[in-house]
Structures are given as C-alpha cells and as structure tokens.
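Worksheet for the structure shown next.
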Amino acid sequence: MPTEIQPIIVKRKKVIAGGHHGGAWKIAYADFVTAMMAFFLLMWLLSSIEVEARLGIAEYFKTPLSVALSGSGTVGNSVVPLKGGGKDFLRKTGEVSTQKEVEQVEEFNSKKAKAALAREESNKMQAMKRKLEDLIETDPKLSPYKKQLLIDITTEGLRVQIVDEKNRPMFALSSAELESSAKMILHKLASTFNSLPNKISLSGHTDAKPFPEGTKNYSNWELSSDRALEARRVLVAGGMDESRLIRVIGLSSSVLLDQQDPLNPINRRISIIVLNKRAELAATSEGSQQTVDAASLLPPGT
C-alpha cells in the first residue's frame, strides 16, 4: 500500500506593529500640541499690539519687496513695523529710538531717584525727631526744660533750638558763659547727636537789644559767635565727636524767632541743625572750588 504523503502546512502569523500600544501616534500628537501652542502664542502676540501695527504686518507680507525698497514707514493708514533693513520693529509709544528720547528718559529716571531719596531722608528726619522727643519726655533731667527745647524739621534738616525763658536764661546777661542747666542739656544731647549719621551745624542768636554805648569793639555779632563756640565746647566735652560739626556761626539778631517782639527772651537761643544731604553739600562747598548745581539744592517739587 503506497505511503500517504502529508501536505506541508505553513502558518504565517500577521504581526501588527504596536497595535493600539504603538508609539507612532504619540509623535503625531506631540507635533499637533506644539503647533497649537505656537498658534496660540502667535495669537496672543498679535492681540497685544495695536490694530494699525497688525495691518502694517499684513501689508508688509503682501508686498515685502516694495516696502523694503521704498523704506516707507507707512502703508495706507497703517504703520509698517519693518522699514528697509528691519529697523524700528514694532516701535511703541515710550520706547527709545533717538538720543533726545534717551536723554529725556534718563532725566526722568534721575528725578524719580532724587525724589525717592528725598522721601527716604524725610522719613529718617521724622524718625530722629521722634527719638529726640521721646528722650526729652522720658529723661527726668530734660523733661523740666521741654518748653525750652524746640524741635522741628526745616529745609536744612532736623533743628533743635535751646531758648531762654524770662526766669530761666541759658547764658548770663550779656555773657557767653553758659548756665549750669544749659550745660546739662547740651551734655544730654551730645551722645544722641553722636548716634546720628548726619553732619551738624550750630549757630548762636541774640535778641535785638543793642549793647550799651561805648562798647564799639563788641556787639551782638561777637556775643552770638562766642555763645555758639561755647556751646560747641560743651557738646564736645559731653562726648560729641567734634568731626560731626561742619559749621559754627553767630547770627546776632538777624534771624529772630519772635518777629513781632525782637526783645523777647526766646530770641536768645542756640540752634543745632542735623543737616540733610542737600544742606550738607551746600555747607561743604562754601569757600571751596567745588561747584554745585543750584537746582540740586532746591527742595523737591520747586
């Protein structure tokens, strides 16, 4: 019986690469997301510029060669953002393109910085004023004299004035010798002035009563100067650093505290000013070859 031949069966398995687990779709999706991000970024950029600029961009891409060759900055009523050579792209109001505009911006920034410094220094002066007022209120030796201690802020800085009273003078009559109470006040203030960073100006004042006839070589000018110098010596003896003083002057009765009554004892006083930077610069430039812009010495806003 003949041998039966078995047919050879070849099974071919169709392999689908990846199927729903493949990664090809991820690449396509990533490209789609990137394109959408770029599209929305472009839309956001276009929405942030003016209508005229958008029209200019559209006109430019319609006829870029003619616009570039003409060098014109406008097409119709719209502004072309790209002039010949690509300069001044999407220039907006406030952006700098000329030397004059650069100088104007620098000047504005300089004024803004000066105003900020002036505000900062004003705040420091106010803090110094509160510090001195608290010292006078809390110190048992100073508080009895608080009516004779006048504190205010002037264009030059923080001013402390020690004035006479009818029954409580600072100096002996027509003399530069300080009374013991005045010495104590200056000793108490010396350490406080030492803790402040600013330079100090000191001036002596008298009332308008003239010296008796016959004293030709001595007047209220000499007396006010001698009193200012005596106050300086007492402050230094009380511990104040002498290098903090930048000016010691006598003003006689030229600057009265009570303009209505030139003979009022309150006009006889010592004035101590903790100078601000502007006044300090003006004082240091006196008699020197250093030049100062007069406008920089004016208070802000004038």
What residue, among those in the range 229-250 that are basic (Lys, Arg) and assigned to a helix (DSSP H, G or I), is nearest to Asn267 (Cα to Cα)? Arg232
List the number of the failed condition for Leu142; all other conditions in (1) within 21 Å of the chain's Cα centre (by Cα); (2) modelled with pLDDT of 70 or more hold. (1)
For Lys188, indicate whether it is among the charged types (D, E, K, R), out of contact with any His (no Cβ under 7 Å at 6 or more places or on another chain) and within 15 Å of Val160 (Cβ to Cβ). yes
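The values are calculated or read from the model by the stated rules, or taken from the named source; none is laboratory data. Just so it is clear, the structure is predicted and the values come from calculations on it, not from any experiment. Because the Cβ atoms are built from the backbone with ideal geometry, glycine has one as well, and the counts that use them run over all protein chains shown.
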